[in-house]
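Step one of this worksheet: look at the structure below.
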Amino acid sequence: MRRRVIDPPGAYLIPLRKTGPNTQARANLANLSEKRMPEAETQELFQEQVHQFPLPTHHFTMLADDVGRFLRVDADGTVSTSNDADDEAMWDPIEGGQFRHVTSGLTTDDEDWPGLHFTAIHGPAEMPGTSLAHFKQHGWVCLPNVLAAEIVEALEKVACTDRYEDRVFDLKTPAMCQSDAIARTAAEPVSLWLMRQYLGTREVRLGHPPSFAILGRDDGKRDVQGWHCDFPYLWGISGKSEENDGPVPYGRVPTSSGDTVLGIQRNVCISPFTKVGGATAFKLGSHATDHGPPREWGTGSTHFSPGYRAQHGLPYNGPDADIVEAPGGSIILYDARTWHRAGVNRTDKRRSALLQAMIPMYVMPFADTSKAYRELKASDGWQGLTVREQEEMRNLMVHYITGPGGRFAITTDPELSTELPAPQGPMRVG
């Protein structure tokens, strides 16, 4: 197994350090090294290359006004507020409780700010523009520990993992209604800006309501997820891959999409993501092939079958695959064409993540998000969101069409749905 700490030239990737501000996140990472499977059981397996993002020791700051928009200084020196968390919205704290703008050098005591109150918001460890350059070049990017500590803890509480692993998961209350932390995570501004830039449109939607993925300890017998691409492609898990003679697309999108990106997956690491703890396995850069994973790697279509693991073993986990290790509160963005699969958790601690399939507005969503949006608006958590966050949740969850008569929200029609023929064959999802 090859392990490397990400640290090339430039500002994007963070060197490994032994100290940092988030002691709880560091303790969580240490806990996951306990109670692993005996080495003899795993020495021939799990040879993926590890890309390690340690806990950052520095974060930029964003200054939010009373409605949640960010104070920014444009290249020409214009001071304004905006929903965008790009380079022009990044600040650093300085003495006296003031802040210095990163790109212009302007400080908050240089100007007579027009009577506005600004709140310091936890920002990214690296400049958004640098993260975007990596995203565009490689098809993925990691934002280590980009979520504020209180949001991470609230997500742990809903997921019943990490500090709240003794709690029982609430199956009766919609997850988004249990805490405003889920909506605040969905509206996280840096990852939203990156995705809009990568997709080439501001009109980005959630393909389904945010969903938890909680992975318990592997027992060595249970069926596991095979290699696949995410929504809307679903190459490797939807359709009859055995009919393909070569490594061509199969699934919901029947052809390659080229320069047009139809989806991004946003994985939020609630728990620390580690190789031994079941972090997602990738073939980083495979989005550029513009087709699904090879059958010999063990696709979702084959490993979906009950008992397949007992007969054929685990999907590919050799050195050509990758693991991204990152602290809790990190966000991993990747082109939905990237080959990947769920990891194998070899610890006694449950690993939790919040998954979101992000699509441009012209792609049909995977599930109706209107019901979840209405439930969110009716919940107590809605009032805990800023105006910006409320606007973003509407933008992300209300799909609509625009025509001569105006804009019309799209939702399901139960009456018309009864007229639809039953789907042919099993529905396979990731």
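Quick check on the stretch 244-251. Is at least one of its residues modelled with pLDDT of 95 or more and of a type in the set (Phe, Trp, Tyr)? It would help to see each step written out before you state the result.
As a first pass, look at the stretch 244-251 and keep what is modelled with pLDDT of 95 or more: none.
Looking through the stretch 244-251, none of the residues is modelled with pLDDT of 95 or more and of a type in the set (Phe, Trp, Tyr).
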Given (1) at pLDDT 95 or above; (2) farther than 30 Å from HIS51 by Cα, number of the condition GLY381 does not satisfy | (1)
Filtered residue count, the stretch 332-355, keeping only those that are closer than 25 Å to GLY258 by Cα and either among the charged types (D, E, K, R) or in contact with a helix residue (DSSP H, G or I) (Cβ under 9 Å, 6 or more places away or on another chain) (or both) | 9
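Please specify each residue of the stretch 258-277 satisfying the condition of being in a strand (DSSP E or B) and either of a type in the set (A, V, I, L, M, F, W, C) or within 27 Å of GLN197 (Cα to Cα) (or both). First the steps, then the outcome.
Kept after step one, since they are in a strand (DSSP E or B), are these residues of the stretch 258-277: 264-269, 273, 277.
Matches in the stretch 258-277: ILE264, GLN265, ARG266, ASN267, VAL268, CYS269, PHE273.
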Residue in the stretch 180-207 that is surrounded by the fewest Cβ atoms within 10 Å (Cβ to Cβ), counting only those that are touching a Lys or Arg at 6+ places or on another chain (Cβ under 7 Å) and not aliphatic (A, V, I, L, M) = ARG202
Looking only at the stretch 406-430, which residues are at pLDDT 90 or above and in a loop (DSSP other than H, G, I, E, B)?
-> ILE410, THR411, THR412, ASP413, THR418, GLU419, LEU420, PRO421
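Would a scan of the stretch 65-72 turn up a residue that is of a type in the set (A, V, I, L, M) and part of a strand (DSSP E or B)? It would help to see each step written out before you state the result.
To start, the set of residues in the stretch 65-72 that are of a type in the set (A, V, I, L, M) comprises 67, 71.
After this cut, where a residue has to be part of a strand (DSSP E or B) as well, the list is 71.
Yes, the stretch 65-72 has at least one match.
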Within the stretch 114-127, is even one residue farther than 23 Å from GLY278 by Cα and in contact with a Pro (Cβ under 7 Å, 6 or more places away or on another chain)?
-> yes
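Restricting to the stretch 151-174, name every residue that is touching a helix residue (DSSP H, G or I) at 6+ places or on another chain (Cβ under 8 Å), surrounded by fewer than 20 Cβ atoms within 10 Å (Cβ to Cβ) and either part of a helix (DSSP H, G or I) or acidic (Asp, Glu) (or both).
Step one: list which residues in the stretch 151-174 are touching a helix residue (DSSP H, G or I) at 6+ places or on another chain (Cβ under 8 Å), which gives 151-158, 162-164, 167, 169-170, 174.
Checking which are surrounded by fewer than 20 Cβ atoms within 10 Å (Cβ to Cβ) leaves us with 153, 157, 163-164, 167, 169-170, 174.
Answer for the stretch 151-174, where residues must be touching a helix residue (DSSP H, G or I) at 6+ places or on another chain (Cβ under 8 Å), surrounded by fewer than 20 Cβ atoms within 10 Å (Cβ to Cβ) and either part of a helix (DSSP H, G or I) or acidic (Asp, Glu) (or both): GLU153, LYS157, ARG163, TYR164, ASP170.
Residues are listed down the side, and each one gets a yes or a no for (1) modelled with pLDDT under 95; (2) assigned to a loop (DSSP other than H, G, I, E, B); (3) surrounded by fewer than 22 Cβ atoms within 10 Å (Cβ to Cβ); (4) outside the structural domain of THR289 (by TED's automatic domain parsing):
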residue	(1), (2), (3), (4)
GLN47	yes, yes, yes, no
GLY77	yes, yes, yes, yes
HIS134	no, no, yes, no
LEU147	no, yes, no, no
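The values are calculated or read from the model by the stated rules, or taken from the named source; none is laboratory data. These numbers were taken from a predicted model, which means no experiment stands behind them. Note that we place each Cβ from the backbone using ideal geometry, even for glycine, and neighbour counts take in every protein chain shown.
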